[in-house]
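S.K.: What follows is a single structure, and I will ask about it in a moment.
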Amino acid sequence: MTRRIVLVGVSLGLSLSLLFGCAAPTGGWDLDRLLADHPAIASLPHQRIGDMTPYPAWRDGQLVAVVCRFDSPEPIPIRGDGPGWQAAWARAAVAAVDRGVEGVGLILVDQADNTGGSVRPPAIEIESIEAPQAAGPGGLGDTIAFCDVSPTREGAVRGVVYGATIRIRRTLPLPTGRVHHADRAEWTGALLHELGHALGFAGHAAIGDSIVHLEQSRLRVLGRRAAASEPFSMPTISALYQIEPGRLLLEPDVESSAQDAIRSVLALVEARRQRLGPPERVISIAGDENARLVWSWQGGVTAALDFPDWRKAISSGDPVRADPSASTRRAIKATR
């Protein structure tokens with residue numbers, strides 16, 4: 001599952017709408033137009049691209065929702081480490097996604113491979129957590145992907161995922177006080193799921209056997225197949241990689257009460273632009289429920305705008321809410 005972006009930071013959140021059909025939800029982004037522009041996606045059996053949650057971005061003075069994904073001709077380097085790290089299981093999951101997703105490649109690199117200078121730094125980092133009480137995801141895994149939505153010279157946004165972090169557990173504390181130990185199929189299925197999010201798919205497939213479905217029993221079956229090196233297709237993620245990064249999906253309405261919040265953040269961004277120059281990067285994050293847009297400068301200077309209940313607003317067509325992040329609110333106060 002992706003991590004839920006909350007106003008004070010990032011935490012785990014579980015949410016799955018069972019109301020999604022083959023098309024995007026009523027009031028959501030225009031799936032029909034996307035399929036008209038990409039007829040090959042419509043021909044992919046069992047794809048669930050309409051269940052995707054787009055990422056927030058700022059374009060031409062307006063809030064928009066866009067497609068985010070990696071955009072590299074080379075295989076995406078992945079590195080895992082930490083207590084309980086299962087290299088063989090991880091290789092099986094990465095190989096399954098590499099085979100099953102058209103339009104993108106993945107490669108698992110060893111820790112030592114990243115020191116010679118010939119291998120790119122890992123774009124996807126996996127942190128293995130073994131102790132059941134250690135801080136980490138509430139379930140077996142969670143993911144946060146970082147999308148660059150900086151403006152392009154053509155006036156669009158990049159929409160390119162440049163990195164992601166996955167946390168995955170071997171043991172999970174249960175409400176009963178007992179500890180659940182994930183077996184190979186379960187752990188591999190969980191990693192398949194998180195890799196789907198790391199590649200840019202925010203949200204969950206409502207039905208089917210997609211790796212971004214949330215039902216554990218289905219993921220366990222897929223994990224068993226990956227562990228046995230059985231090939232299987234991943235049409236939903238393949239559909240994502242047929243869409244151009246930064247593709248505009250929606251221009252959502254914004255609640256009237258959020259207008260002042262947006263203006264105050266944009267005023268802070270402009271003040272810092274005048275003092276520090278243009279942001280190095282504008283970063284978008286879409287979690288299970290909420291989203292965040294971050295303007296980032298050298299030295300760790302940022303301004304961030306949070307979108308509570310982003311997924312719900314996008315899927316329902318309701319106006320989007322917006323608030324400055326806590327640190328941004330303090331910076332705005334300091335300038336008054």
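S.K.: Could you tell me which helices of the chain pass both thresholds, a Cα extent of 20 Å or more along their own axis and a mean Kyte-Doolittle hydropathy of at least -0.5, with helices taken as whole DSSP H runs?
M.R.: 184-198, 259-276
S.K.: First obtain the Kirkwood hydrodynamic radius of the chain from its Cα pairs, then insert it into the Stokes-Einstein equation at 20 °C and 1.002 mPa s, and state the resulting D in µm² per second as a whole number.
M.R.: 105 µm²/s
S.K.: By what distance, in whole Å, do the Cα atoms of segment 251-336 stretch along each of the three principal axes, largest value first?
M.R.: 39, 24, 21
S.K.: Please report how far the C-alpha centroid of segment 81-113 lies from that of segment 158-209, rounded to the nearest whole angstrom.
M.R.: 14 Å
S.K.: If you don't mind, there's one more thing I want to ask. Run the dipole for segment 76-240 about the Cα centre, Lys and Arg Cβ at +1, Asp and Glu Cβ at -1, nothing else charged, and hand back the magnitude in debye, nearest 20.
M.R.: Charge dipole of segment 76-240: 200 debye, to the nearest 20.
S.K.: Which number comes out as Rg/Rh for segment 219-295 once both Rg and the Kirkwood Rh are worked out on C-alpha atoms?
M.R.: Radius of gyration over Kirkwood radius for segment 219-295 works out to 1.18.
S.K.: When the Karplus curve 6.51 cos²θ - 1.76 cosθ + 1.60 is applied with θ = phi - 60°, which whole-Hz ³J(HN,Hα) does each residue of segment 241-248 get, with x for Gly and Pro?
M.R.: 7, 9, 9, 5, x, x, 4, 6
S.K.: Could you list which residues have their amide H under 5 Å from that of Ser150, counting only those 5 or more apart in sequence or on another chain, with H placed in the peptide plane?
M.R.: Excluding prolines and chain starts, which carry no amide H, the hits are Arg158, Gly159, Val282.
S.K.: Residue by residue, what Karplus-based ³J(HN,Hα) values in Hz, rounded to whole numbers, does segment 297-313 have, using 6.51, -1.76 and 1.60 with θ = phi - 60° and x for Gly and Pro?
M.R.: Per-residue couplings from phi come out as 10, 4, x, x, 7, 9, 9, 10, 10, 9, 10, x, 6, 4, 4, 5, 5 Hz.
S.K.: To one decimal place, what orientation-averaged projected area in nm² is obtained for the convex hull of the Cα set of segment 76-240? Each step should come with its number before you reach the end.
M.R.: Details: hull surface 43.9 nm².
Mean projected area of the Cα convex hull: 11.0 nm².
S.K.: Also: For the charge dipole of the chain, defined by +1 on Lys and Arg C-beta atoms and -1 on Asp and Glu C-beta atoms about the Cα centroid, which residue among Val212, Ile168, Leu199 has the Cα displaced farthest towards the positive pole?
M.R.: It is Ile168, whose Cα lies furthest towards the positive end.
S.K.: Let me ask something else. Where in segment 216-248 does the amide nitrogen come within less than 19 Å of the point 7 Å from the Cα of Ala40, taken along Cα to Cβ?
M.R.: 233-248
S.K.: Under unit Cβ charges (Lys, Arg +1; Asp, Glu -1), what dipole magnitude, rounded to 20 debye, does the chain have relative to its Cα centre?
M.R.: Rounded to the nearest 20 debye, it is 760 debye.
S.K.: When Rg is the radius of gyration of the Cα atoms in segment 59-113 and Rh is its Kirkwood radius, what does Rg/Rh come to?
M.R.: For segment 59-113, the value is 1.15.
S.K.: Report, in deg cm²/dmol and to the nearest 500, the calculated mean residue ellipticity at 222 nm for the chain, where each DSSP H run with n ≥ 4 adds -39500 (n - 2.57) and the sum is divided by the residue count.
M.R.: Roughly -8000 deg cm²/dmol at 222 nm, from the helical runs in the chain.
Rule-based calculations on the coordinates, nothing more; no lab input. Computed from a predicted structure; not experimentally measured. Cβ: placed from backbone, ideal geometry, glycine included. Neighbour counts: every protein chain shown.
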